[in-house]
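Presented below is the structure to which this report refers.
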Amino acid sequence: MVKSIIAPSILASDFSNLGCECHRVLNAKADWLHIDVMDGHFVPNITLGQPIVESLRKAVPRGDGVTKPKAFFDCHMMVAEPEKWVEEFKNVGADQFTFHYEATKDPLGLVKLIKSHGIRAACAIKPGTPVDVLFELAPFLDMALVMTVEPGFGGQKFMPDMMPKVEQLRAKFPELDIQVDGGLGKATIPAAAEAGANVIVAGTAVFTAPDPAETIKFLRDAVDVQLKARGIYEE
Ligand code: DX5
Ligand code: ZN
């Protein structure tokens, strides 16, 4: 069984007000905060690193999920040599470490390293990477991320031709958290939800929405309908 998880990407937030921006979307019932870490090597852009995550964790502490949001930090590591950063990101407050398959020689070793630090391990594939590279790894993963844009920048156009990857993963791994990232919003959520994605990253769509709570609910409802139709819905 899987849940719908809506993860606004803070890349689309006002970085000069980062703590407030995070509280704003958590109050709008976001489940996770998606934190895009880019190093200027693996992708042609630089965003933020561990000092910012550390400050953010102080401004947005973990809650019990009832009286206060859990404030789950979903760290999408678009970096070369991801192995180098696991311990530090865990120490500054990451709850999940998503590395790129293309960035490592030993994906399974890296999954084990991440889990040895007591956080969730996830693996992402770029649009040009075939999904079958994840088939052997998936049983060890907490989440697979199918990129729906070329990693590097927010605000790009969703690639619907990535949906067969999501469908294949969902068919093989009914209980796996499957994330999609890039160009998700009200217009594109139906395709992703129908394909079987349950973890939805949405930067621009949530942070620029006049009513983020309404947008988050829209995305969640679309996913829940499809999870129910597949018989894998968990509340
Ligand atoms: C792209 C990032 C995405 C991006 C999503 O490299 O991994 O998380 O911020 O932004 P939107 O939802 O605006 O496409
Ligand atoms: Zn991302």
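The values are calculated or read from the model by the stated rules, or taken from the named source; none is laboratory data. What you see is a predicted model; the values in this text were computed from it and never measured. Here Cβ is always computed from backbone atoms with ideal geometry, including for glycine, and neighbour counts include all displayed protein chains. For the accessible areas, the whole protein counts, side chains as well, though only heavy atoms, and no ligand, DNA or RNA atoms are used. Shrake-Rupley method; radii C 1.70, N 1.55, O 1.52, S 1.80 Å.
Tabulated values for the structure
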item	result
Cut-off under 5 Å, modelled amide H: who pairs with Leu145 long-range	Cys123, Ala124, Ile125, Gln179
For the range 92-108 and the range 212-232, distance of Cα centres in Å	27
The chain, relative contact order [Cα under 8 Å, separation at least 6], %	22
10 Å beta-carbon shell around Glu235, net charge (K/R +1, D/E -1)	-1
With DNA, RNA and ligands ignored, accessible area of Ser13 (1.4 Å probe; Å², nearest 10)	20
Spread of Cα-to-Cα distances over 5 Å intervals beginning at zero, given as percent, for the chain	1, 7, 16, 20, 22, 18, 11, 4, 0
Potential extension, Ala187-Asn91 segment - 0.36 nm per residue separation minus Cα distance	30.8 nm
Unit charges on C-beta of K, R, D, E only; dipole of the range 5-230, Debye	440
Whether the range 114-163 is rounded, prolate or oblate, judged on the alpha carbon gyration tensor where a/c under 1.5 counts as rounded	oblate
Global form of the range 1-111, assessed from the alpha-carbon gyration tensor, a/c cut-off 1.5	prolate
With DNA, RNA and ligands ignored, accessible area of Arg120 (1.4 Å probe; Å², nearest 10)	60
Gain on full stretching of the segment that runs from Lys58 to Asp161 - 0.36 nm per residue minus C-alpha separation	33.1 nm
Trypsin sites (Lys or Arg not before Pro) within the range 147-198, DSSP loop, no more than 10 other Cβ atoms inside 10 Å	Lys157
For the range 128-188, Kirkwood radius (reciprocal of mean inverse C-alpha pair distance, Å)	12.2
Distance (nanometres) between label positions extended 7 Å along Cα→Cβ at His23 and Lys217	2.3
Fraction of accessible area attributable to carbon and sulfur, the range 5-230 (%, probe 1.4 Å)	55
Pairwise FRET efficiency - Asn45 versus Lys105, Cβ, R0 = 35 Å, nearest 0.05	0.90
Cβ-defined net charge surrounding Lys172, 12 Å radius [Lys, Arg +1; Asp, Glu -1]	-2
The range 95-235: proportion of alpha-carbon pairs further apart than 19 angstrom, %	51
DSSP-loop GluC sites (Glu not before Pro) across the range 135-222, with at most 14 other Cβ within 10 angstrom	Glu136, Glu175
